[in-house]
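Taking it in order: structure first as structure tokens, then the write-up.
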Amino acid sequence: MSTVVNPGNAMSDPMVPDPTASDPMVSDPSVSDAAASEPGGPEAAVPEPAAADHTGATAIRQALAERFGEELKIDGALPGLAALARIAGHRSHRRFLPRPIEPDLLRLLCACALSAPSKSDLQQADIVIVRETAIRQAIVDTIPEMPWIMDAPVFLVFVGNGGRLPMMSKRRDKPFPNDHLDAFFNAAVDGAIVMTTFIHAATAIGLGTCPISAIRDYPQIVAKALNLPPRTVPIAGLCVGWPEQAGEITPRLSLSTTVIENHYGQRDVIGEIEAYDRRRAALRPYRRQRRIERWGEASFYGWSQDKARQYAEPTRTDFGAFVLEQGFRLD
Ligand SMILES: Cc1cc2nc3c(=O)[nH]c(=O)nc-3n(C[C@H](O)[C@H](O)[C@H](O)COP(=O)(O)O)c2cc1C
């Protein structure tokens, strides 16, 4: 059995929820395919008002109102409302049924994920399917505060792979003058896009997922366990399984904070964040305060307080050094 590397580190995750807390949301706001049929055939190109998908539109409106505190106008005749409802109703899942995922299904989801757009068609993302228990255990041992990693039927690691490009340059006898930060960034972005696409594909068939960036707390251990080649970087792990619970919508910053018209202007960002703190606390208050022993108990504990406390602890301070060791350049 491997050693637990960081028994006290509960700060890795942007939000470590209390997995023992009951789930107040019992019905899934993402509509079923039957409830939100997608007008798609030629006859449905201009749907009659009677065919309008009010169920899908309602589900999306409700999910986004909970998420952003804003009632959006949604045309019930839009095609693709079922897909939109799944995206709008997104939630991470950390509890899974003991039901396996068939290898063919997993391969299908990987293929869909890797169909995502890719910077310059460079195709710099890989997916590692961690099937061997010993390999998963080596990774999990570095993150003891997240037991759902071991419980998930499938555990994947999404990798940014910047290694093939210089290999091709060498093979084709060409110079490679673009060995700088952008090469790392491109591979990381491709990996993140592929992971996101995997999440959407998995959600479409009813699977639940939870990304795990905590695997980057001890990247050398992950690199060793996965035998990562040069110029590759683990972006995040992903737990995948059939969800045990419907899960909950996490409110986000208001759209007026994060959707910018044309250019950034003068604004009261702190005021907007504090308004979000209050909206979020009314819907989903934190169940625990972080590091009370260091910061005391706050009378009002909102998102900004939680994130400020989370980032008051140093984490991944050696990640840059790891990226350099992997052969990327950061200048
Ligand atoms: C890149 C990335 C890394 C994440 N890492 C972790 C993690 O290490 N552990 C975890 O439990 N959740 C992790 N999450 C899930 C976030 O905590 C979650 O997305 C966030 O709290 C919002 O909740 P929601 O996804 O249900 O909307 C990660 C999410 C992303 C996108």
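In segment 215-331, if the dipole is taken from +1 on Lys/Arg beta carbons and -1 on Asp/Glu beta carbons about the Cα centre, which of 266, 245, 218 is farthest to the positive end?
Positive-most Cα among the choices belongs to 245.
Run through segment 142-201 and list the trypsin sites (Lys or Arg not before Pro) located in a DSSP loop whose Cβ has at most 13 other Cβ atoms within 10 Å.
In loop regions of segment 142-201 (DSSP not H, G, I, E or B), the sparsely surrounded trypsin sites (Lys or Arg not before Pro) are 172.
What would the Debye formula give as log10 I(q)/I(0) at q = 0.25, 0.27 Å⁻¹ for the alpha-carbon point model of segment 153-194, no solvent?
-0.87, -0.94
For a quick size check, give me the Cα extents of segment 118-249 along its three principal axes, largest first, whole Å.
Here the Cα extents, ordered largest to smallest, are 53, 30, 22 Å.
Over segment 54-129, with the other protein chains present, what is the accessible area per residue in square angstrom, probe 1.4 angstrom?
Heavy-atom SASA per residue in segment 54-129 reads 55 Å².
Express the carbon and sulfur contribution to the solvent-accessible surface of segment 225-327 as a percent, rounded to the nearest whole number, probe 1.4 angstrom. Don't skip to the answer; put the middle values down first.
Numbers: 3120 of 5940 Å².
Heavy-atom surface of segment 225-327 belonging to carbon and sulfur, 1.4 Å probe: 53 percent.
Over segment 244-331, with the other protein chains present, what is the accessible area per residue in square angstrom, probe 1.4 angstrom?
Heavy-atom accessible area per residue stands at 65 Å².
Would you list which lysines come within 24 Å of residue 73, measuring only between C-alpha atoms, while excluding same-chain residues fewer than 8 positions from it?
Cross-link targets: none qualify.
Amide H neighbours of residue 235 under 5 Å, at least 5 residues apart or on other chains, H built in the peptide plane: list them.
Under 5 Å from the amide H of residue 235 lie the amide H atoms of 158, 159, 160, each far enough along the sequence or on another chain.
Mind grabbing the base-10 log of I(q)/I(0) for segment 101-157 at q = 0.13, 0.14, 0.17 Å⁻¹? Debye formula, identical points on the C-alpha positions, no solvent, two decimal places.
Computed log10 I(q)/I(0) values: -0.44, -0.50, -0.68.
Can you compute the charge dipole magnitude of segment 75-122 about its Cα centre, using +1 on each Lys and Arg Cβ and -1 on each Asp and Glu Cβ, nothing else charged? Give it in debye, rounded to the nearest 20.
340
Could you work out the Rg to Rh ratio of segment 66-112, with Rh taken as the Kirkwood radius (inverse of the mean 1/r over all Cα pairs)?
Reported Rg/Rh, Kirkwood definition of Rh: 1.11.
Using r as the Cβ-Cβ distance of residue 304 and residue 261, and R0 as 25 Å, what FRET efficiency do you calculate, to the nearest 0.05?
0.55
Give the carbon-plus-sulfur fraction of the accessible surface of segment 42-161 in %, rounded to a whole number; probe 1.4 Å, heavy atoms of protein chains only.
58
Need the list of lysines near residue 170 for cross-linking: C-alpha distance under 28 angstrom, and skip anything on the same chain fewer than eight residues off.
Once the sequence-local lysines are set aside, what remains near residue 170 is 119, 224.
Hey, could you grab the Kirkwood Rh for segment 204-249? Inverse mean 1/r over distinct alpha carbon pairs, Å, one decimal.
12.5 Å is the Kirkwood radius here.
Report the per residue volume, in Å³, of the convex hull enclosing the C-alpha atoms of segment 185-331.
Considering the Cα atoms of segment 185-331, their hull volume per residue is 194 Å³.
What's the long-distance tail for segment 68-193, i.e. % of Cα pairs beyond 24 Å?
Cα-Cα pairs of segment 68-193 separated by over 24 Å account for 52 percent.
If you count, for each residue, the other Cβ atoms within 10 Å and average over each peptide, how do 140-151, 124-135 line up from highest to lowest?
Values: 140-151: 19.2, 124-135: 17.2.
Descending packing order for the listed peptides: 140-151, 124-135.
The values are calculated or read from the model by the stated rules, or taken from the named source; none is laboratory data. Bear in mind the structure is a predicted one, so any value in this text is a computation, not a measurement. As a convention, Cβ positions derive from the backbone with ideal geometry for all residues, glycine included, and neighbour counts pool all protein chains shown. Just the protein is used for accessible areas: all its heavy atoms, side chains included, with ligands, DNA and RNA removed. Shrake-Rupley method; radii C 1.70, N 1.55, O 1.52, S 1.80 Å.
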